[in-house]
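The values are calculated or read from the model by the stated rules, or taken from the named source; none is laboratory data. Fair warning: this is a prediction, and the values are worked out from it, not measured in the lab. So basically every Cβ, Gly included, is an ideal-geometry build from the backbone, and we count neighbours across all protein chains shown. Just so you know, the surface numbers come from the protein's heavy atoms only, side chains and all, with ligands and any DNA or RNA stripped out. Shrake-Rupley method; radii C 1.70, N 1.55, O 1.52, S 1.80 Å.
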Amino acid sequence: MQKYNIHTVQKDETLKSIATLYGLDKDVLKHFHNNHCAVKDMILINLNGQKELFVPRTAVADKTLLVQFGKGNSLTLQPENTVRRYSVVITLEKGEGKNELKYETSVRWLKTEKGQQFFEIDRTSNLYLNEEEVNEIADLLAYRTSKLLYPLQISTDEHGKFETVENAEVFSKRWAALKEELYKEFEGETVDEYCRKIEKVISEPEALNLYIKNDYFIRALFLGIYRSFGNEYKTEMTVTFPVVDNAIEPSYRVTLETDPLKEETGLITIEGKGKLYEEREIDDFIRKSPFSLIIKDNPVMNEEGTFRIISYLKQENTLPKSLYLECSIMLQEEKKISVSVSEIDEK
C-alpha cells in the first residue's frame, strides 16, 4: 500500500509553507522527503529546485480522512447492534474445471462476552450453481440438509476469528421435522446417505465444528483481521484455510496491511498477501496426510500456493462491507478457491 503522498511544488512555495500546509515541522518534512526520494532530489537546507515532495500519508488538511486507530494503530471488532445482509459468490477451480456457487445470507451481532463476539448467521436465499438454481437430487439434498444448521450461532476471538458453534444443542431438535420433510419429497439410497451424513455431523461436536470450519463464507468473513498494525501499518500473521480436504489445513504466511487514509468512498482498506508455508509437500496433500512423511532437520518449505484478501470496512470497528479472498495450492494441478462477499444495500 502507498506510504506517502506527492505534493507538487507551486510557484513561491517554500519548505516551511508546505510543511505548514500539512501541519508538519519543516525539518520533519525534509527528513521524510529525503528518506524516500532519489539522491539528486534531496533537500539540503531549503528547497533547491524540487518539483515534487514526498509527504507522509497521514499529513492531510482534512483530518476526517484519517482512520481512527486504537493503541498501536489497532483496529478492534466491536460490532454492537450490527445486522448485515450479504451476497456471497464462491468460485471453486481445479485445473481447467470451474464451478460457481451463489447465495445470500445475513449476519446479526448477538453479544460481547469476555472478549468474544457472538453472531447469528442465516441463509436467506436458495443456492445457485453456475447461475442456475440447484436441481440435481444430490445438490438439493446437500443444500436442504445443510439448512438444518441455520440460524447458526457462532463465536469469534478478540481478532474476529471464528472459534466455535454456540447453538449445537438445537440441531437435533430441528432434525426430526426436517427429516420427515425430506422423506416426503425424496426417496431411495441417496436421501438415506445424506441423512446419515448430517446425523453424524450433529451428533459429534468435533464433526460439527469441522463441518462449519469448511464453510468458506464464515472463514472469510471471520478470518481475524482486527489487529495492531504498528508504526508501518502492517503486521505478519499465519493463516489457515480449507482449500483442500485435510485434517490439518494448509498454512500461509501473510503480510496484512491497512491504509491510514480512507478511500474516496470513506471506506477503510485492509489487504493481505502471502504464500503457502508448509513442511508438507505436494504428495503429502494428495495423500491427505496431516503431517510430512519425511522428517528433515532443515526442511525446504513448500511455498507452492498463494493467499490474498482485501476487505473494506465502513467504520473502524465494524464487519466488512465487502471482501474478496483468494487461496490456492498446487497439487497435481492448481486448486483455487475464491470468496466474494458484498453487502446488500437496503432499499
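Look through segment 247-299, keep the residues that are among the aromatic types (Phe, Trp, Tyr) and farther than 24 Å from SER322 by Cα, and return whichever of them is surrounded by the fewest Cβ atoms within 10 Å (Cβ to Cβ). Before you say what the answer is, go through the steps one by one.
Going through segment 247-299, the residues among the aromatic types (Phe, Trp, Tyr) turn out to be 252, 277, 285, 291.
Add one more test, that the residue is farther than 24 Å from SER322 by Cα, and what stays is 277, 285, 291.
Working: TYR277: 17, PHE285: 24, PHE291: 10.
Residue satisfying both the conditions and the ranking: PHE291.
Filter segment 300-314 down to the residues that are open to solvent by 30 Å² or more (accessible area, probe 1.4 Å) and assigned to a strand (DSSP E or B), then identify the one that is farthest from VAL239 (Cα to Cα). Walk me through it before giving the result.
Keep residues of segment 300-314 that are open to solvent by 30 Å² or more (accessible area, probe 1.4 Å), which gives 300-301, 303-304, 306, 308, 312, 314.
Now drop any that are not assigned to a strand (DSSP E or B), which leaves 306, 308, 312.
Values: THR306: 11, ARG308: 10, TYR312: 19 Å.
Within segment 300-314, the match that is farthest from VAL239 (Cα to Cα) is TYR312.
Give all pairs with beta carbons closer than 8 Å in which a residue from segment 233-247 that is charged (D, E, K, R) meets a residue that is not in a loop (DSSP other than H, G, I, E, B); count only pairs at least 6 apart in sequence or on separate chains.
Pairs found: LYS234/THR255; LYS234/LEU256; LYS234/GLU257; LYS234/THR258; GLU236/ARG253; GLU236/VAL254; GLU236/THR255; GLU236/LEU256.
Assuming TYR233 fulfils every condition listed in (1) at negative phi; (2) surrounded by 15 or more Cβ atoms within 10 Å (Cβ to Cβ); (3) not charged (D, E, K, R) apart from one, which condition is it?
Only one criterion in (1) at negative phi; (2) surrounded by 15 or more Cβ atoms within 10 Å (Cβ to Cβ); (3) not charged (D, E, K, R) is unmet by TYR233, namely (1).
Of everything in segment 116-137 that's open to solvent by less than 40 Å² (accessible area, probe 1.4 Å) and of a type in the set (A, V, I, L, M, F, W, C), which residue is modelled with the lowest pLDDT?
So the residue we want is VAL134.
Would you tally the residues in segment 52-107 being in contact with a Pro (Cβ under 7 Å, 6 or more places away or on another chain) and within 16 Å of LEU313 (Cα to Cα)?
Of segment 52-107, the ones in contact with a Pro (Cβ under 7 Å, 6 or more places away or on another chain) are 57-58, 66-67.
Imposing the further condition that a residue be within 16 Å of LEU313 (Cα to Cα) reduces the set to 66-67.
Going through segment 52-107 one residue at a time, the tally reaches 2.
Give the residue that is nearest to the chain's Cα centre (by Cα), with candidates limited to residues of segment 132-191 that are polar (S, T, N, Q) and over 16 Å from GLN117 (Cβ atoms).
Initial filter on segment 132-191 (polar (S, T, N, Q)): 135, 145-146, 153, 155-156, 164, 167, 172, 190.
In the following step, the residues that additionally are over 16 Å from GLN117 (Cβ atoms) were identified as 135, 145-146, 172, 190.
Values: ASN135: 30, THR145: 27, SER146: 23, SER172: 31, THR190: 35 Å.
Looking at residues that are polar (S, T, N, Q) and over 16 Å from GLN117 (Cβ atoms), I get SER146.
Where residues in segment 231-262 are more than 15 Å from the chain's Cα centre (by Cα) and not in a loop (DSSP other than H, G, I, E, B), which of them is farthest from GLU334 (Cα to Cα)? Steps first, please.
Step one: of segment 231-262, the residues more than 15 Å from the chain's Cα centre (by Cα) are 231-234, 244-250, 259-262.
Applying the additional criterion that residues be not in a loop (DSSP other than H, G, I, E, B) yields 234, 261.
Details: LYS234: 29, LEU261: 36 Å.
By that ranking, first place goes to LEU261.
Only residues that are touching a helix residue (DSSP H, G or I) at 6+ places or on another chain (Cβ under 7 Å), surrounded by 12 or more Cβ atoms within 10 Å (Cβ to Cβ) and touching a residue at least 24 places away in the same chain (Cβ under 8 Å): list them for segment 29-53, please.
LEU29, ILE43, LEU47, GLN50, LEU53
In segment 149-167, which residues are surrounded by fewer than 19 Cβ atoms within 10 Å (Cβ to Cβ) and either assigned to a helix (DSSP H, G or I) or of a type in the set (Asp, Glu) (or both)?
ASP157, GLU158, GLU163, GLU166
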